[in-house]
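Engineer: Quick one: the structure is below, and I'll ask about it shortly.
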Amino acid sequence: MLTMTRRLGFSAAKADWLDHLTSEQNHTLFGETASPEPYGHNYTLDVGVKGEIDPRTGMVINIKILDNLVKERVISVLDRKFLNRAASEFRETPPTVEALTRFIVQKLRDDLPSEITLASIRLEETPLLFSEWQLPEKSEGLEQNKFEKEEEIIVQITHVYEFSAAHRLDSPHLTESENKDVFGKCNNPAGHGHNYVLEVTIAGQIGANGRVIDPVDLDCLVKKEVVDRYDHKHLNEDLEDFSAEIPSAEVITKTIWTRLVNQVPAPARLSRIVLRETARNIFEYRGEEN
Ligand SMILES: [Zn+2]
C-alpha cells in the first residue's frame, strides 16, 4: 500500500453563533467570541488516500479523479459559503475546524473509488490551528461501509505556541573535552538560545460546542505549564525541570508531554507533542506506547 496526499483549499465564513439558541445560550456556548457576525478563513485541506499502485498507470489514483471527487463532495459545498448555513450538520454543531474535519471525512470516506481508502484529512484554519483525522488501525482491511460510526469519529486538534529560551548542552557523565566533542557550539558555557515552536495535539470526540477541547482551557493550561514557565528563561539555570537532565530538545519535548498529559480533561487526551527547535530540528513524542 502507498499513501498519496493531495492539497486543496477553500475560503469560507462562519459565525460563533447558532441561530436556534438564545443570545444567553450562545454566550454560554462560545464565550467571549460569541457573535452572529461572520468572519472568514482561507482553509488548507490535505486529503490522504492509500492503495496499491495500478500497474497500468503507475499511480494509486489519477489525481484528476480525486480532485473532481473532493471538489464535488466538499469544496463545492463549502467554498465561498457561510458555513453555518452551508450544511445541515452545522445548524446543530458549529463549523469549527474539528467539525469541518469530521464533515469532510463523512463526505469522502464512503464515496472513493474502490481501489483506494481515505487515510487522512488535515485541515488548517490558521498556521496556529489545525485539525487532523487518521484512518484508525482497526479499520484497516475493512470494507469502506464498515468504517467507524459517526459518533466514534476521533479527530485531533493542534494549537501552536511559541517560547524563547536559552540552554546549554553539557553532560556530567562526559569529560570537558568529550562534552566539547559531542555538543560542539551547543556546549558554550554561557549557553545559547532558540525560538521554540510548540505544537500541542489533543484527540477526542467533538462536543456540542464543536470542539474536542475548549480552546481557552487548553491555552490556559499550556501557558501555565509551559510557556510562562519556560519563556525567556535559561532552562539549565532557572528551572527544576532540568536540574537532573540535559535540556536537549528531546528532553524538553518529553518533559512538556509529562507536564500536560494528566491535565487534559477527559475524555479528550493528549496525543502528540511536536517541538520545532529550528526550522530544521523537529522533535515529536506520542507517549511510550506510540
Ligand atoms: Zn540549542
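Derivation of every value follows stated rules applied to the coordinates shown; laboratory data play no part. On a predicted model such as this, the values are computed, not experimentally measured, just so you know. Methodologically, a virtual Cβ is constructed for each residue, glycine included, from the backbone with ideal geometry; neighbour enumeration extends over all protein chains shown.
Engineer: Just to check I understand the Karplus step: with θ = phi - 60° and J = 6.51 cos²θ - 1.76 cosθ + 1.60, what whole-Hz values come out for the stretch 121-137, glycine and proline as x?
Structural biologist: Ordered by residue, 3J(HN,Hα) equals 10, 10, 10, 9, 8, 9, x, 9, 8, 8, 10, 9, 9, 10, 4, x, 4 Hz.
Engineer: Run lengths n ≥ 4 of DSSP H only: what is the helix-derived mean residue ellipticity at 222 nm for the chain, with -39500 (n - 2.57) per run over all residues, to the nearest 500?
Structural biologist: -6000 deg cm²/dmol
Engineer: So if we plug the beta-carbon distance of residue 52 and residue 91 into 1/(1 + (r/R0)^6) with R0 = 41 Å, what FRET efficiency do we get, rounded to 0.05? All intermediate terms of the calculation are to be shown ahead of the outcome.
Structural biologist: Values: r = 40 Å, r/R0 = 0.98.
In this case the efficiency is close to 0.55.
Engineer: Which of 222, 155 comes first, and how do the rest follow, when ranked by fewest Cβ neighbours within 10 Å?
Structural biologist: Lowest count first: 222, 155.
Engineer: While we're on this one: Need one number: convex hull volume per residue for the stretch 150-212, Cα atoms only, in Å³.
Structural biologist: It comes to 126 Å³ per residue, whole-number rounded.
Engineer: Right, here's the next one. Determine, for 212, 47, the number of other Cβ atoms within 10 Å of each Cβ, and report the residues in order from fewest to most.
Structural biologist: Exposure proxy ranking, most exposed first: 47, 212.
Engineer: If you don't mind, another one. Springs between alpha-carbon atoms under 10 Å, Gaussian network over the chain: tell me which of 208, 12, 268 tops the mean-square fluctuations.
Structural biologist: Between 208, 12, 268, it is 208 that shows the largest mean-square fluctuation.
Engineer: Another question, then. Please work out the Cα center distance from the stretch 1-16 to the stretch 223-276, rounded to the nearest Å.
Structural biologist: One Cα centre to the other: 31 Å.
Engineer: Please sort through the DSSP H helices of the chain and keep those with an alpha-carbon extent of at least 15 Å along the long axis and a Kyte-Doolittle average not below 0.0.
Structural biologist: For the chain, where a helix must reach 15 Å along its axis and average at least 0.0, the hits are 97-108, 249-261.
Engineer: Additional query: In 5 Å bins starting at zero, report the fraction of Cα pairs in the chain per bin as a rounded %.
Structural biologist: With a bin width of 5 Å, the distribution comes to 1, 5, 10, 14, 14, 13, 12, 10, 8, 6, 4, 2, 1, 0.
Engineer: For the stretch 159-171, take each phi angle, set θ = phi - 60°, evaluate the Karplus expression 6.51 cos²θ - 1.76 cosθ + 1.60, and give the result in whole Hz per residue in order, putting x for glycine and proline.
Structural biologist: My calculation for the stretch 159-171 gives 9, 10, 10, 9, 8, 10, 8, 9, 8, 9, 8, 7, 9 Hz in order.
Engineer: Spelling out what I want: for every residue of the stretch 264-279, take phi, set θ = phi - 60°, compute 6.51 cos²θ - 1.76 cosθ + 1.60 (Karplus), and round to whole Hz; glycine and proline get x.
Structural biologist: 7, x, 5, x, 5, 8, 5, 10, 6, 10, 10, 10, 9, 7, 9, 4
Engineer: Springs between alpha-carbon atoms under 10 Å, Gaussian network over the chain: tell me which of 185, 14, 233 tops the mean-square fluctuations.
Structural biologist: In this elastic network of the chain, the residue with the biggest mean-square fluctuation among 185, 14, 233 is 185.
Engineer: Can you put 19, 241, 214 in order of Cβ neighbours within 10 angstrom, beginning with the fewest?
Structural biologist: On the way: 19 10, 241 19, 214 15.
Ascending number of Cβ neighbours within 10 Å: 19, 214, 241.
Engineer: Quote to one decimal, in nm, the extra length available between residue 65 and residue 120 on full extension: 0.36 nm per residue of separation minus the C-alpha distance between them.
Structural biologist: Difference between extended and current length: 18.1 nm.
Engineer: Looking at the chain, send over the antiparallel percent of its DSSP beta bridges, to the nearest 5.
Structural biologist: Around 95 percent antiparallel, to the nearest 5.
Engineer: Of all the Cα-Cα pairs you can form in the stretch 193-290, what percent are over 16 Å apart? Intermediate values should be presented prior to the final figure.
Structural biologist: Numbers: 2736 of 4753 pairs.
Here the tail beyond 16 Å accounts for 58 percent of pairs.
Engineer: Let me ask something additional. Which FRET efficiency value, to the nearest 0.05, is calculated for residue 237 and residue 288 with the Förster distance at 45 angstrom and r the Cβ-Cβ distance?
Structural biologist: The formula returns an efficiency of 0.95 here.
Engineer: Past the 23 angstrom mark, what percentage of all C-alpha to C-alpha distances in the stretch 2-152 do you count?
Structural biologist: 41
Engineer: With +1 assigned to the C-beta of every Lys and Arg and -1 to the C-beta of every Asp and Glu, and no other charges, what is the dipole magnitude of the chain about the Cα centre in debye, to the nearest 20?
Structural biologist: 880
Engineer: Using modelled amide H (1.01 Å from N, peptide plane; none on Pro or chain starts), what sits under 5 Å from the amide H of residue 196, excluding residues fewer than 5 places away?
Structural biologist: Correct list: 163, 164, 165.
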